[in-house]
1. Calculate the tail of P(r) for the protein assembly as shown: the fraction of all Cα-Cα distances greater than 55 Å, expressed in %.
2. B:Lys470: which lysines have alpha carbons under 16 Å from its alpha carbon, excluding same-chain residues fewer than 8 sequence positions away?
3. Once R0 is set to 45 Å, what does the formula 1/(1 + (r/R0)^6) return for the Cβ-Cβ distance between B:Ser149 and B:Ser476, expressed as a FRET efficiency to the nearest 0.05?
4. What residues of region B:329-352 lie in the reach of a label at B:Arg588, counting those whose backbone N is under 14 Å from a point 7 Å from the Cα along Cα→Cβ?
5. Taking a quarter of the surface of the convex hull around the Cα atoms of region B:125-264, what do you get in nm²?
6. Could you check what % of the DSSP bridge pairs in region B:389-484 are antiparallel, to the nearest 5?
7. How many nm is it between the label spots at B:Asn599 and B:Ile74, if each spot is 7 Å from the Cα in line with the beta carbon?
8. What order, most packed first, do the peptides B:140-148, B:612-620, A:132-140 have when packing is the mean number of other Cβ atoms within 10 Å of each residue?
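FYI, it's all coordinate maths here, none of it is from the lab. All of these numbers come straight from a predicted model, not from anything done at the bench. A quick note on method: Cβ atoms are made from the backbone with ideal geometry, for glycine too, and the neighbour counts reach across all protein chains shown.
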Amino acid sequence: MIIDVTVNGVQRHLKSRSGDRLVDMLRKELRLSSLNADCLQGRCGKCLVFMDGRIVHSCLIPAFKARGGTILTFEEIAKNPEVNDIEKAFHATHTQPCPFCHTAKTMVIFDLLSRVPLPSEEDIVEALDMVSCPCGDPIGLIQTVKLAAELRNKRKFNREA
Amino acid sequence: MILAQDLPTYSLSTCFKEGIPVFASEQISYRGEALGLILGPDPGSCDELAASARVDCDEEEPEREWESFSSSQIVFHYSAEYGDLDAKFDAASIELKEVYRNGIFDHHYSEPVGALAQWEASKLSVHCATQWPDDLRRHLADVLTVPESDIVVYPTEMGRTLDGKLWYPSLVAAQAAAAAKISGKPVRILYTREEDFLHTTKQARSAVSIRSGSDDQGRLLALDIVILINIGAYNPLASELIYQAVSAITGIYSCPAIRIEAYAIRSNTIPLGAMGSIGATHAFFAIEAHMNNLAQRYAKHPAEIKALNMLKKGQSVFGAPGLSNDIPFARIHRELEQISDYPRKYASYELVKKRDPGCREGIVRGIALTLGYQTGRSFSLQSGGNVYSVEVTLDRDLRLRIKTQAAIGSEPLKTMWRKTAAEILSIQEDHIDFLLPENTHSLPSGPMTLSRGSSLIHALIEKTCRSIQKKRFRESLPISAKARTRPLKTQAVPENLFPGAQLFDSVSWCGTAVEVEIDTLTGIPIPLAVWMVIDAGKIVNQQTALASLRASALSALALCTANDFDPLEAGRKDYMADSGLRMLQLPRIEIEFIEPDRNTAARGIGELPFITIPAAFYSALTQALGLDPRQLPLKGGEILRLLEGS
Ligand code: FES
Ligand code: FES
């Protein structure tokens, strides 16, 4: 079947087989390398995308459900200056994620900070729970998000001022 | 389609008597072993073809009762005896014998295994996520009968591997390389997460039996130890696993008479092997659990029994080079007690247990301390296992190129190495690049395990940068310097000791406390907090070290709380279920270093959580339960049954 969907601002007509998940369709048809089909259980977060403004695990969404929708992937999100703040924070706190969850962690933090500019520790923990990473330092990651929020707010404030 | 018969003599033979076939032919050794490859330009069509293929074979019974094994299953055996064991057992006031068991665990690395192989004329290039590019190249040369100099291995970026990618990638790379040679096309093999989870290597299962004899005070007089490690169908590192377990099994304790028998046992399950601290986790868990049991028998506090038996300066086991200093037990213990509030908590949990032995009031908690160590001992038995090298060049534009095969893996490591080089040469960190040597076999490298390789490489980078700095204002740029570690001097090791062992060489000490609560409704043990005090000389970058230790601490806790992987029952749904503690259940983790700014050589610390946490977790669990289950991990249901039966 053909699914009409807007991906990263471009209207697409994507082929999909019955049983395909959104992540399969995006990877196969558009070769979007920021996405991975890994656990297929909504735990690892390596398939995160924004669908109609909400961050979702695309492995849990049947491809046909995206019909008429708007999808943003890391390829598009990376153009935002916020991603730079997050990158700097990863470096400063020595929590650079591995290449396989880098985009997922960045997307989750990006989403959190755009909803809650000054997140509490509970907000952070809840958001990061979308990416189950068996190998990172979660305590350092909480510091990363706090620092990214600080950098973001400083940058925005200075600009406004 | 390529099958075993299309390959002449291909077998990964090094270190494994009968060899590891690249593809199974006569006999399938475990469920999931590759029989061949279906090649094609479209992965989807290959999948469809594979799904329609039929394999006729007779099924074997799974070897579940692996602890009673036949001699044909023994892949490696080590045995040693020291002191007069019988006389010491005769003199003992208390004899205690227990068996401690460890389950199978998945490594939960970030990316499934895979390899891409391509031939150009007689030259082979392989891209592969491997912890040991040198070994992979050696294996490929052996399997494909081509000179090593004709093979270039490009290690790809990896997440944390926990030793899951030491040798298995060699097998996958050999399959890809052989297929590429036959088909004349580049070949890529990439496992799905499910295939990787169900059919590739895991941590080996073990059973350690310890019989101890001790005097009326609780001093150890004799230890009779049998270590069984189930390595599944194949493991070329079986001997290493045994030696690491043997060298850790006496822990930090001294004993005048010891007998050790250790066996690597083959069984018809998936390949099982190293994890975290290779075989040391199994060994430390067993000896620490045994010391706790001993404390209970003497009605003494565990720390008292441990201090009584602790090795002193100059002492060692099996006549190995002795400790050059006393174990900094008192200091580590004091600091650990302070940060964890151990004495108060221990006493109050004991009191609660006395008042409410059946845990009916709902609070079941325990806390325990343990002390362990990590040595600089490396893969001394494997060819090239402890040789590391780097080449560093400072260019005219003040950019620094660091060439090492080990440089590819981890960003945090590169950050640490960059910082050191930048400080010595007073250049900017972002002017430092890590490169793979063009001629990979000119700069050999041992395995990049948790911290073995990285501390050695750090020392080499430090050395080469200092040498460049000395010449820098006398000679014109570019200036290069090369350094490599010296191979271990095995002739210095006493006769009775296993080859390659160097107990207590560049040792890092660590005290760990773990506090655990048991959910009385489900029986699930919940780690509440972990405290670690580490004495490891100079810590080059404390932030990086803390981040990596916290990550390892969580992985080590996951080993204690996860379900035992059952190769027959496991399915894809189990993969993430046990992949670690979720953000929402994070325990508190506090880590302190003793004098981290000391001017000493950097020592490895990455394995300390795997060495000390399972032992401390288990001891805390025994305190909470008032029972001694003698195995890790323990499922909630099993704990409930134990509580109900108590
Ligand atoms: S693949 Fe979607 S969460 Fe893991
Ligand atoms: S999955 Fe990438 S750091 Fe853990």
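1. Values: 29512 of 325221 pairs.
Considering the protein assembly as shown, 9 percent of its Cα-Cα pairs are separated by more than 55 Å.
2. B:Lys482
3. On the way: r = 32 Å, r/R0 = 0.71.
After rounding to 0.05, the efficiency reads 0.90.
4. Of the residues in region B:329-352, B:337-346 have backbone N under 14 Å from the label point off B:Arg588.
5. Working: hull surface 45.5 nm².
If I average the Cα hull's projected area over directions, I get 11.4 nm².
6. The answer is about 70 percent antiparallel.
7. The answer from the label model is 5.3 nm.
8. Details: B:140-148: 17.4, B:612-620: 29.9, A:132-140: 23.7.
Put in order of decreasing packing, that is B:612-620, A:132-140, B:140-148.
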